[in-house]
1. Go through the stretch 357-371 and report how many residues are surrounded by fewer than 21 Cβ atoms within 10 Å (Cβ to Cβ), within 15 Å of the chain's Cα centre (by Cα) and either in a helix (DSSP H, G or I) or in contact (Cβ under 8 Å) with a residue 24 or more places away in the chain (or both).
2. State whether the residues of the stretch 187-209 include one that is on the phi > 0 side of the Ramachandran plot, buried (at least 16 other Cβ atoms within 10 Å of the Cβ) and in contact with a Pro (Cβ under 9 Å, 6 or more places away or on another chain).
3. Can we say Asn268 is surrounded by 19 or more Cβ atoms within 10 Å (Cβ to Cβ), out of contact with any Leu (no Cβ under 7 Å at 6 or more places or on another chain) and in a helix (DSSP H, G or I)?
4. Of everything in the stretch 113-126 that's under 24 Å from Glu331 (Cβ atoms) and under 18 Å from the mean Cα position of the chain (by Cα), which residue is surrounded by the most Cβ atoms within 10 Å (Cβ to Cβ)?
5. Within the stretch 60-106, which residues are open to solvent by 20 Å² or more (accessible area, probe 1.4 Å) and of a type in the set (D, E, K, R)?
6. Please verify whether Ile295 is of a type in the set (A, V, I, L, M), assigned to a loop (DSSP other than H, G, I, E, B) and open to solvent by less than 40 Å² (accessible area, probe 1.4 Å), treating the condition exactly as stated.
7. Criterion first (closer than 26 Å to Pro307 by Cα and in contact with a Cys (Cβ under 9 Å, 6 or more places away or on another chain)) does Leu186 satisfy it?
8. So, in the stretch 360-414, of the ones that are among the polar types (S, T, N, Q) and in contact with a Pro (Cβ under 9 Å, 6 or more places away or on another chain), which residue ends up nearest to Val85 (Cα to Cα)?
Amino acid sequence: MIKRLTWPLMVILCAALVLTACGQSGNKGTNGGTSGGESKDADAPKPVTLSILSWNNEQEMKPVLDGFKAKYPHISFDFSFAPPVTDYIAKLQTMLLSDTAPDIFIIAAENRNEIIDGGFAMDLTDQPFMSVMLDSNKPMLSKNGRTYGFTQTGWAGGLFYNKQLFEQAGIEKLPETWDEFVEICLKLKEAGIRPLYDRMHDITIVHSAMFGANVLTKDPDFDEKLFNGETTFAEGWTEVLKMWKEDLIDNEILTPDMIGLTSEQVMNEFALGNVAMVPGGPWNISTIEATNPDIEFEIMPIPGKEPGNKYYNGAPGVGFAINSKTKHKEEALLFLEYLSTEEGLRQFEEGTGGIITAHGYTTNVHPAYLPAYNDGLMAGRIYLPMVSWARHQEALRNQFLIAIQDMAMNKITPEEAVELLDKKLQEMENK
């Protein structure tokens, strides 16, 4: 009896299970589990490829790119490289004009006017990650108070000095004023030590820092006024060039025969203890130590006529800009935001060796370079004319080079030098 009752019951139960299963199967196509899975797939970020044209090569950028991809696996890179400066500027300009520019590219002093004026870069001023950037780094990448690139690096140059030679000449402290600096040079000379080498091959570290210490400390907006027609080279540079000519050239601290020296010769002479001071930056340190591991040296600024007005030559690092026509604005902003994080900063430093100048981050610098990092870069007391000049940088730079070499050879006076600079500026403005 039980067996006869069990069989119909089993049939009914099986039928019920089949109907339930069918019902559940039907639900999967509407409100059930598969619908949830499809919704999850739909919510997942779509794969995106960001194009970048960098002037750090792929090996140098690898730590940053790998770190970013680990955090945002849906974003990959179409990475390309062009060496700075001329090749990079030319390649990017061609791409911008042909509407084939990448999503992210480099903006530098040499191309900022063309990029900003052409509307090629996105305005980054109000992006939250821009708070990491030093205020002193922003003017190079800005126009009319708006900033179009993010930089987290910078560099500074000053005078490397040999501590042992200073001690040998009886110099116990670094100069606080320009007059004290000249006295130190003369004291070294009297002790039979060559005080200073300067190749005079450019607007030198010495000239740039002298201008910062004596002009920008009083009038930080001088260059802006210069290109607005409110002042002249003569008003800003005459005193600086007179100090340089009368104190360094006329006292034969610097001599015309230095013009033909190479950078390698200068650094070699310094490392071997044959000259007490040379202009340089962080890029020279490894060469100096490789030549003479026992040398005791450090970097110092150029002091102004007034105590406390010390300056270094230097500039912010180039900035990362976002193409104003990018189709991947959100992802490009994520990349710049990542560069501003502690992780991104550390990876950029590791890969490129760049000196990080971001708020809240301590970079690794050589002990001999600490004064330039702390008192120059982070304090914003750095100056490079080609960055600060609004336009005609190369033409003015070439005129400046001719002028300082002619002054060194006593062919022209400082007054004539600045007159030539003003004439060149006027000539370029009228083209």
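The values are calculated or read from the model by the stated rules, or taken from the named source; none is laboratory data. Bear in mind that the values here come from a model prediction, so they are computed numbers and not experimental data. Using ideal geometry, Cβ is built from the backbone for each residue, glycine included, and neighbour counts are taken over all protein chains shown. Ligands, DNA and RNA are stripped out before the accessible areas are found, and what is left, the full protein with its side chains, is counted by its heavy atoms. Shrake-Rupley method; radii C 1.70, N 1.55, O 1.52, S 1.80 Å.
1. Matching residues across the stretch 357-371 total 1.
2. Yes, the stretch 187-209 contains at least one residue that is on the phi > 0 side of the Ramachandran plot, buried (at least 16 other Cβ atoms within 10 Å of the Cβ) and in contact with a Pro (Cβ under 9 Å, 6 or more places away or on another chain).
3. No, not satisfied.
4. Applying the filter and picking the extreme gives Ile115.
5. Glu60, Lys62, Asp66, Lys69, Lys71, Asp78, Asp87, Lys91, Asp99
6. yes
7. The answer is no for Leu186.
8. This residue is Gln393.
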